[in-house]
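Only one structure is covered here, and it is reproduced in the block below.
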Amino acid sequence: MRKRYVGAALAAALVMTGCSVGLQGPVDPVGAAPTPSASASAPAGAADGKAPGKGPDTAPDTAAAYRKWGLKPFAAPPAPPKTKPVRTGGGGPVPVISDIPTKDKVVFITIDDGAEKDPKFVEMMRELKIPVTMFLTDSAIRTDYGYFKPLQQLGNGVANHTLTHPNLRTLGAAAQEREICGQQTRLAKEYGTTPRLMRPPFGNWNEDTRAAAGRCGVEAIVLWRESMQITNMQYQRGDKKLHPGDIILAHFRGPSELKGTTMTEMTVNMLRRIQEQGFTVARLEDYV
């Protein structure tokens, strides 16, 4: 993510920490409902009207695919809750979340920016069927909008990460609205669906951000609890552990930013860290 649209000094500071948390920082869910019990309902449809991607399972073909990438299959995630635990709409402020209130041992993978466009990653996601949500920045993806369409067709969500990746806290209300609404329009044009979710660059937001997001049709602002580096995660909590419902931040990055590691290798490392702690991966849009 340390691209030309981020200042050089900031790039140096953030190259190993991902989108660093802003002064506002991750918060506990706003507008969240009480934690529901696991539901027996069928998986909810994708936000864009397409069928969601299947969660990890242990079918023979899936097991073979996982072996190809040096992984063991994940347990299938529980059925999505009948009532989403994060309330959206209703006319109030847009909720700001960094995790999902649930007792299920699930986490959610989100991938930011879009600068790296590794075809091997598309192959990996097609074979592993791991659900992810893509927070895309136009200045990073405009050279190849088509790269992300096969990922979307797998059921992965397309979400808003602004037009040019600015620090929104440094912008006035009108400029923030241009960044957010402009990307809503661009993503709707390119991918056929208007995003419901938005992530402010660097995790920096203020009340103008929430107001602009609401005017642009965003239903929730999504932050994170962990950020994936190259081999390990950076944790916000002192116990340095995943918790049920945690949102994990990763990036579309390649060897030039990962010290020679490919995006698929970084993803394998992330999936191993998730498995080591006894979690599986669920689809964020099924809970928000």
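Where a number appears in this text, it was derived from the coordinates with a stated rule and is not lab data. Just so it is clear, the model here is predicted, and its values are computed rather than measured. In this analysis, Cβ positions are derived from the backbone assuming ideal geometry, glycine residues included, and neighbour counts consider all displayed protein chains.
A Förster distance of 35 Å, applied to the separation of the beta-carbon atoms of Gln153 and Thr231, puts the FRET efficiency at 0.70.
Of the residues Asp144, Asp113, the one with the fewest other Cβ atoms within 10 Å heads the list, and the complete ranking is Asp144, Asp113. Does segment 132-226 classify as rounded, prolate or oblate by the C-alpha gyration tensor (a ≥ b ≥ c root eigenvalues; a/c under 1.5 gives rounded; else a/b over b/c gives prolate, otherwise oblate)? Cα axes put segment 132-226 in the prolate bin.
The residues packed around Ala174, meaning those with a beta-carbon under 12 Å from its beta-carbon, carry a net charge of -1 if Lys and Arg are +1 and Asp and Glu are -1. Where the alpha-carbon atoms of segment 144-288 are placed on the principal axes, they occupy 44, 36, 32 Å, in descending order.
Rounded to the nearest 20, the size of the Cβ-charge dipole of segment 98-149 about its Cα centre is 240 debye, with Lys and Arg at +1 and Asp and Glu at -1.
Spacing of the modelled spin labels on Lys103 and Thr170, each 7 Å from Cα toward Cβ, amounts to 4.6 nm.
Net charge around Glu226, counting only other residues with Cβ within less than 10 Å of its Cβ (Lys, Arg = +1; Asp, Glu = -1)? Around Glu226, the charge tally is +3. Shown here: segment 57-202, whose C-alpha atoms stretch 53, 38, 26 Å along the first, second and third principal axes, sorted largest to smallest.
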